[in-house]
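Here the structure comes first, spelled out in structure tokens, and everything after it is commentary.
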Amino acid sequence: MMVDADAGCAIRIAGVEKQFETPQGPIRALTRTNFPVRKGEFAVLLGPSGCGKTTMLRLMAGLERPTSGVVEVGGRPLWHDERRDDGAVANMGVVFQEANLFPWLTIEDNIALPLKLRGMTRKLRRERARELCRLVGIAGFEARWPRELSGGMRQRASIARALSYDPEILLMDEPFGALDAITRDAMNLELQRIWIATSKTIVLVTHSIPEAVFLADRVVLLSSRPGRIVEIIDVPFARPRETDVRGQPEFQEIADHLRHRLEH
Amino acid sequence: MADDVATHPPVGRQRRPFRLTRIPAWIGSLALLVLFLAGWETYVRGFDVSKFLLPSPSEILQAWMEILGTASLWQHTWITAWETILGFVIAVIIGVGLGAVLGKVPWLEQVLNPFIVATQVVPKVALVPLFIVWFGFGMTSKVVIAAVLAFFPILVNTILGVKSVDRGHREVLQSLNASRWQSITQLEFPSALPYILTGMEMGVVLSIIGAVVGEYLGGSQGLGNLAVRQMNSYNTTALFAVIIHLSVLGFLFYATLVGCRRFAIPWHESVQVNRK
């Protein structure tokens, strides 16, 4: 039943290995890894710094090429030798740790940038950007410059940019790492809401245990030197989850287990 | 309840101490200028300084007003302005073009770097007589000098700008499948623009210096030449008037470019003032 197992796959990582060449010799960022991301799930890659979780996400995004193994998006291999399959990439939106908004574009133009690259008319782009501003909760800031917004609002705009062309998959690399704890909690709730509203597949990288357990359907625990998956844990709480889910004993249990595994 | 009273600020109008920094800066600048001119005027009149050495500001102003009415001054102004503009435009085209290529091809930049540094270090004004020999006494030699002087700051700043494109921004475009052309128009050009404009602001000032120095040393036209002629006839007052005229011209060029900055990169920190 291999076919059926793969049919529900948004992204498939099979036997993927990644080495970086440095002047001090090669570094193994990720050892042979297999991981299927299910369609519509919220998967969180959790681990300490240098465990290869960001590398794994960048491999999924097509920003890095695997040293060996296969990355498939929607059943299509991402790489044909040296060449990236841009058609497969078009189905994914990436949110980076920094908002990476272009300072010379207004918030609205930043959000609509992917649509501009795809040749959509200005009028339609505007409409879509407005709609997205409402979705991510920054309506009214369409005409501002990025530098006029707070870090949290900029990150909301960058999420809107990744959603603008309606990709099926959203890849997020520690998107809230630079935010304060309170903004971060609020953004976690918002992200859950957006995920439910848009029914995307989301893969999110974090080193925060509470964030991982709060957001994830499945937490993928990675360990470092060399980077590898040590455990995959299902998180059973019903959706939508409220912030107080963190106080539940089951939540604590999962969090403690993860903390224990991270320390050893 | 003495404590209670002490925590309340005293009621009534408070006298705020006088501070010089509360005066708007432009009034300060203006006051300084007036003070300077008044001092100059007083010095010249009080000590009866010879007109050949230092004319008074009022005499200079009068002389400037007089030559402003003559057709020949405007002809000279036009020639100098034209030389400056042509030289500057040539410098912008070559400087930005070459800078963009060198910024994108580090190998080529490394190969050419010693030569760029060497030509930067050479006092280019010393080459002016050579250019006059090569390009004649007419406008061409001055245009070339203006271009050569303006070229380097534009080139160096363009290279810097193209190299300073943010890695995170690049990855955004990479994740969006942007074509090479799209990444140039959407990212590299706007990202390098503040640097290019800085180079141009430096360049335009050098352009006018180039044109005027060229006119000093050869030819029979332009404001530089007019200044030299006043000097040769010991008309120091008129010489000052020409210098004032030149300064105004230079200021206009510079102000135009600064205005371009506000227009071209309103998002940049350097034009952040006055907003909000």
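The values are calculated or read from the model by the stated rules, or taken from the named source; none is laboratory data. Here the structure is a predicted model, which means the values were calculated and not measured. Cβ coordinates were reconstructed from backbone atoms using ideal geometry, including for glycine residues, and neighbour counts include every protein chain displayed.
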Pull up segment B:229-248, narrow it to residues that are surrounded by fewer than 18 Cβ atoms within 10 Å (Cβ to Cβ) and touching a helix residue (DSSP H, G or I) at 6+ places or on another chain (Cβ under 8 Å), then point me to the one that is farthest from B:Leu68 (Cα to Cα). B:Met231
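Residues of segment B:166-185 being part of a helix (DSSP H, G or I) and more than 7 Å from chain A (Cβ to nearest Cβ), which ones? Before you say what the answer is, go through the steps one by one.
Going through segment B:166-185, the residues part of a helix (DSSP H, G or I) turn out to be B:167-175, B:180-185.
If the condition is that a residue be part of a helix (DSSP H, G or I) and more than 7 Å from chain A (Cβ to nearest Cβ), then B:Arg167, B:Arg170, B:Leu173, B:Arg180, B:Trp181, B:Ser183, B:Ile184, B:Thr185 are the ones that fit.
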Taking segment A:145-191 and the residues there that are within 20 Å of A:Ala88 (Cα to Cα) and acidic (Asp, Glu), the one that is modelled with the highest pLDDT would be A:Asp173
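How about segment A:82-115: which of its residues are of a type in the set (Val, Ile, Thr), within 10 Å of another protein chain (Cβ to nearest Cβ) and touching a Ser or Thr at 6+ places or on another chain (Cβ under 6 Å)?
Here is the first cut: in segment A:82-115, the residues of a type in the set (Val, Ile, Thr) are A:89, A:94-95, A:106-107, A:111.
With within 10 Å of another protein chain (Cβ to nearest Cβ) added as a condition, the list becomes A:89, A:94-95, A:106.
Scanning segment A:82-115 gives A:Val94, A:Val95.
Quick check: is even one residue across segment B:213-227 within 14 Å of chain A (Cβ to nearest Cβ) and of a type outside the set (A, V, I, L, M, F, W, C)? Explain how you work it out, then say what you get.
Kept after step one, since they are within 14 Å of chain A (Cβ to nearest Cβ), are these residues of segment B:213-227: none.
Looking for residues that are within 14 Å of chain A (Cβ to nearest Cβ) and of a type outside the set (A, V, I, L, M, F, W, C), one finds none in segment B:213-227, hence no.
Given A:Arg118, A:Arg126, which one is modelled with pLDDT of 90 or more, over 14 Å from the mean Cα position of the chain (by Cα) and within 14 Å of chain B (Cβ to nearest Cβ)? Walk me through it before giving the result.
Values: A:Arg126 fails: within 14 Å of chain B (Cβ to nearest Cβ).
The unique qualifying residue is A:Arg118.
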From the set of residues in segment A:171-181 that are in contact with a Ser or Thr (Cβ under 8 Å, 6 or more places away or on another chain) and acidic (Asp, Glu), which is surrounded by the fewest Cβ atoms within 10 Å (Cβ to Cβ)? A:Glu174
A:Ile27 vs (1) in contact with a strand residue (DSSP E or B) (Cβ under 6 Å, 6 or more places away or on another chain); (2) surrounded by 17 or more Cβ atoms within 10 Å (Cβ to Cβ): all pass except (2)
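So, in segment A:48-68, exactly how many residues are among the basic types (Lys, Arg) and part of a loop (DSSP other than H, G, I, E, B)?
Selection size over segment A:48-68: 1.
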Given (1) within 10 Å of another protein chain (Cβ to nearest Cβ); (2) under 29 Å from A:Ser223 (Cα atoms); (3) polar (S, T, N, Q), identify the lone condition not met by A:Gln155. (1)
How many residues are buried (at least 18 other Cβ atoms within 10 Å of the Cβ) and in contact (Cβ under 8 Å) with a residue 60 or more places away in the chain when one looks only at segment B:258-267? 2
Output yes when any residue across segment A:69-81 is assigned to a loop (DSSP other than H, G, I, E, B), touching a helix residue (DSSP H, G or I) at 6+ places or on another chain (Cβ under 7 Å), within 14 Å of chain B (Cβ to nearest Cβ) and surrounded by 21 or more Cβ atoms within 10 Å (Cβ to Cβ), and no when none is. yes
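Can you tell me how many residues in segment B:83-97 are in contact with a Gly (Cβ under 9 Å, 6 or more places away or on another chain) and surrounded by fewer than 17 Cβ atoms within 10 Å (Cβ to Cβ)? Reasoning before the result, please.
Restricting attention to segment B:83-97, the residues satisfying the condition of being in contact with a Gly (Cβ under 9 Å, 6 or more places away or on another chain) are B:83-84, B:87-88, B:91-92, B:95-96.
Retained after the next criterion (residues that are surrounded by fewer than 17 Cβ atoms within 10 Å (Cβ to Cβ)): none.
Final tally of qualifying residues: 0.
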For segment B:256-265, check the following and say yes or no: at least one residue is assigned to a loop (DSSP other than H, G, I, E, B) and within 30 Å of A:Asn100 (Cβ to Cβ). yes
Every residue in segment B:209-228 that is part of a helix (DSSP H, G or I), surrounded by 24 or more Cβ atoms within 10 Å (Cβ to Cβ) and touching an Asp or Glu at 6+ places or on another chain (Cβ under 6 Å), please. B:Ala211, B:Gly224
For segment A:114-135, does any single residue satisfy the condition of being crowded, with 20+ Cβ neighbours inside 10 Å, over 26 Å from B:Ser179 (Cβ atoms) and not small (Gly, Ala, Ser)? yes
Subset of segment A:42-63 that is within 20 Å of A:Ser158 (Cβ to Cβ) and within 14 Å of another protein chain (Cβ to nearest Cβ) - its residue that is surrounded by the fewest Cβ atoms within 10 Å (Cβ to Cβ): A:Leu63
Within segment A:238-252, identify whether any single residue is out of contact with any Lys or Arg (no Cβ under 7 Å at 6 or more places or on another chain), of a type in the set (Gly, Ala, Ser) and outside any loop (DSSP other than H, G, I, E, B), and answer yes or no. yes
Please state which one of A:Arg225, A:Arg193, A:Arg241, A:Arg184 is touching a residue at least 40 places away in the same chain (Cβ under 8 Å) and buried (at least 16 other Cβ atoms within 10 Å of the Cβ). A:Arg241
Would you call B:Leu176 touching a helix residue (DSSP H, G or I) at 6+ places or on another chain (Cβ under 8 Å), among the aliphatic types (A, V, I, L, M) and within 26 Å of A:Arg58 (Cβ to Cβ)? yes
